[in-house]
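Here the structure comes first, spelled out in structure tokens, and everything after it is commentary.
None of the figures in this text is laboratory data; all of them are computed from the coordinates on show. Given the structure is predicted, the values throughout are model-derived calculations rather than measurements. Quick reminder, even Gly has a Cβ in these numbers, built from the backbone with ideal geometry, and neighbours come from all protein chains shown.
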Amino acid sequence: MSTLNQIEELEKQRARILKQILSIGLMLPGTYKEVYCKCGKPNCWCYEKQGHLFRRITWSENGRSRTKAIPEDDISWIKEITGNYREFQKKRRQIKELEGVLKDLLGKHAGAVIEKSRQLRDYLCQK
Ligand SMILES: [Zn+2]
């Protein structure tokens, strides 16, 4: 594939990923977790079982770890929008990678165009 075709292909790919990224309307950083905790009361049912179930989302903010309890009705919603965030970040990295490749291809293309231009005049040819 020629450099020009490669650049065009890359731009198509980039536009496609960008469109996917921009279609994400809701997202939330964090991880959904289910944890079992014993409350510590010796007469509670959990004393000899695995404990009470807690549904949480944890995330980090300004280097600090944060946790919030999730209402049961919101579990699938939270899973969905934290998934959206991961997808967003992944695609953002993909765009960055593509831009790196584009930069290299543009350098290659520039070299080829300059060389072609030099070839048009004898006095510009490097021998
Ligand atoms: Zn308990």
Any residue on another chain or 5+ positions along whose placed amide H is under 5 Å from the amide H of residue 24 is listed here as none
On alpha carbon coordinates alone, what is the Rg over Rh value for region 3-120, Rh being the Kirkwood radius? 1.33
Please report how far the C-alpha centroid of region 7-22 lies from that of region 57-105, rounded to the nearest whole angstrom. 19
Nothing charged except the Cβ atoms of Lys and Arg (+1) and of Asp and Glu (-1): what's the magnitude of the dipole of region 19-98 about its Cα centre? Round to the nearest 20 debye. 360
Listed residues 57, 75, 21, most fluctuating in the chain (Gaussian network, C-alpha, under 10 Å): 75
Restrict the search to region 55-125; then list the trypsin sites (Lys or Arg not before Pro) that DSSP places in a loop and that have at most 12 other Cβ atoms within 10 Å of their Cβ. 121
Principal-axis tilt of helix 3-22 within the chain, Cα atoms, nearest 10 degrees: 30
Helix 75-119 sits at what angle to the longest principal axis of the chain, using alpha carbons and giving 0 to 90 degrees rounded to 10? 10
Pairs of lysine in region 3-85 with Cα under 22 Å and at least 8 positions apart or on different chains: total? 7
Derived scalar couplings ³J(HN,Hα) [region 34-41; Karplus, 6.51 cos²θ - 1.76 cosθ + 1.60; whole Hz; x for Gly, Pro]: 10, 10, 9, 10, 7, 7, x, 6
